[in-house]
Amino acid sequence: MLISIIMNLIIILLLLFGTFFIFSSALGIIRFPGVFTRLHAATKAPTLGIISILLAAFLFLYGSHELVSGKLLLAILFIFLSSPVGGHMLSRAAHKSGVKPYLRHREDEYEEYLSSKQEQLNK
Amino acid sequence: MTFQIVLNMIIALIWMFLSESYTLITFLFGYIIGILLLTLLHRFLPGKFYIKPVYKIIVLCLIFIRELILSNLEIVKFVYRKKNNFEPGIFALPIEVKKDWEITLLANLITLTPGTLTVAVSEDNTKLFIHAMHIDDIEDSINDIKNTFEKAIMEVTK
């Protein structure tokens, strides 16, 4: 009895944690300026959110149906693998298509690198 | 190394036959017994002990999970702050790891920890270009990544 209460508590906490992160990342997409800072909010906080929700689902299935769901574990693994690649590709594509990053005082060292490469090619 | 893994599997299988129950749990139990036996006897076998790199990989995963949670909290702080006073910028990170898959792993780990996002890899594979959400000091951020992730990855591949 006590174990199931503790289990339920953990599941509830994980679900709340996950929804909180997904919600705040959605808020971040609206609030942050520029493509790159928005990508920060869009690609990463949801990873933790989705993972904790999937973990909660896994624990629920295990606790109340005695079912070890391998699919959920695989889903966690593939989210881990695919979401950073997605973020990387989007940011690279944004930079390639000429979107200027939102900068306040810092330099864009990648732009400098690309222009120095271009100069070497022109020589 | 492969030989040791095969040996460990064989020990687990023998354990399964000895205890006459052919389930996953018996196999895992036998595997653990095999690991214990190999810890005692690995100096008589050719090659390095294969648990060591596995242990390093587990350490890498733990570091990664800690960083993931800590820096997610960081970004959530940025979301709920009234004024956006962060300093985004793209900086170059010189990397020491050479192999393709090491660079891929490093780039993915950097991307998954919020606050940093890998934008590109330079053509000669010596630099990563990282977009950071908030840079106090470029040197600090570079040292941070170098001391945690790159060190852990190099430990695994060493």
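Can you tell me how many residues in segment A:35-53 are at the interface with chain B (Cβ under 7 Å from one of its Cβ atoms) and either assigned to a loop (DSSP other than H, G, I, E, B) or open to solvent by 50 Å² or more (accessible area, probe 1.4 Å) (or both)?
Selection size over segment A:35-53: 1.
For segment B:42-75, what are the residues that are over 27 Å from B:LEU109 (Cα atoms) and surrounded by 12 or more Cβ atoms within 10 Å (Cβ to Cβ)?
The answer is B:HIS42, B:LEU45.
Checking the structure you have, find out if any residue of segment A:73-88 is at the interface with chain B (Cβ under 9 Å from one of its Cβ atoms) and at positive phi.
No; the residues of segment A:73-88 include none that is at the interface with chain B (Cβ under 9 Å from one of its Cβ atoms) and at positive phi.
Please determine whether any residue of segment B:82-92 is touching a Gly at 6+ places or on another chain (Cβ under 6 Å) and surrounded by 14 or more Cβ atoms within 10 Å (Cβ to Cβ).
Within segment B:82-92 (the criterion being touching a Gly at 6+ places or on another chain (Cβ under 6 Å) and surrounded by 14 or more Cβ atoms within 10 Å (Cβ to Cβ)), the answer is no, since none of the residues qualifies.
Only one of these is assigned by TED's automatic domain parsing to the domain that holds B:ASP144 and part of a helix (DSSP H, G or I): B:ILE11, B:ILE65. Name it.
Numbers: B:ILE11 fails: assigned by TED's automatic domain parsing to the domain that holds B:ASP144.
The match here is B:ILE65.
When you look at B:THR157, is it open to solvent by 60 Å² or more (accessible area, probe 1.4 Å) and within 13 Å of the chain's Cα centre (by Cα), yes or no?
Judged against the criteria, B:THR157 is not a match.
Looking at segment B:109-133, which of its residues are touching a helix residue (DSSP H, G or I) at 6+ places or on another chain (Cβ under 9 Å), surrounded by fewer than 18 Cβ atoms within 10 Å (Cβ to Cβ) and of a type outside the set (Ser, Thr, Tyr)?
Answer for segment B:109-133, where residues must be touching a helix residue (DSSP H, G or I) at 6+ places or on another chain (Cβ under 9 Å), surrounded by fewer than 18 Cβ atoms within 10 Å (Cβ to Cβ) and of a type outside the set (Ser, Thr, Tyr): B:GLU123, B:ASN125.
If you scan segment A:1-34, which residues turn out to be more than 13 Å from the chain's Cα centre (by Cα), assigned to a helix (DSSP H, G or I) and within 9 Å of chain B (Cβ to nearest Cβ)?
A:PHE20, A:LEU27, A:ARG31
Which of the residues belonging to segment A:101-117 are away from chain B (no Cβ under 12 Å) and open to solvent by 100 Å² or more (accessible area, probe 1.4 Å)?
none
For the subset of segment A:59-100 comprising residues that are without any contact (Cβ under 8 Å) to a residue 12 or more places away in the chain and within 16 Å of the chain's Cα centre (by Cα), which member is least open to solvent (accessible area, probe 1.4 Å)?
Once the filter is applied, the top-ranked residue is A:HIS88.
Is there any pair with a first residue in segment B:72-85 that is closer than 21 Å to A:LEU103 by Cβ and a second that is assigned to a helix (DSSP H, G or I) and open to solvent by less than 90 Å² (accessible area, probe 1.4 Å) whose Cβ atoms are under 6 Å apart and which are 6 or more apart or on different chains, and what are they?
Final answer for the pair search is B:ILE75/A:ALA45; B:VAL79/A:SER24; B:VAL79/A:LEU27; B:VAL79/A:GLY28.
The values are calculated or read from the model by the stated rules, or taken from the named source; none is laboratory data. On a predicted model such as this, the values are computed, not experimentally measured, just so you know. All Cβ positions, even for glycine, are placed from backbone atoms using ideal geometry, and neighbour counts span all protein chains on display. Just so you know, the surface numbers come from the protein's heavy atoms only, side chains and all, with ligands and any DNA or RNA stripped out. Shrake-Rupley method; radii C 1.70, N 1.55, O 1.52, S 1.80 Å.
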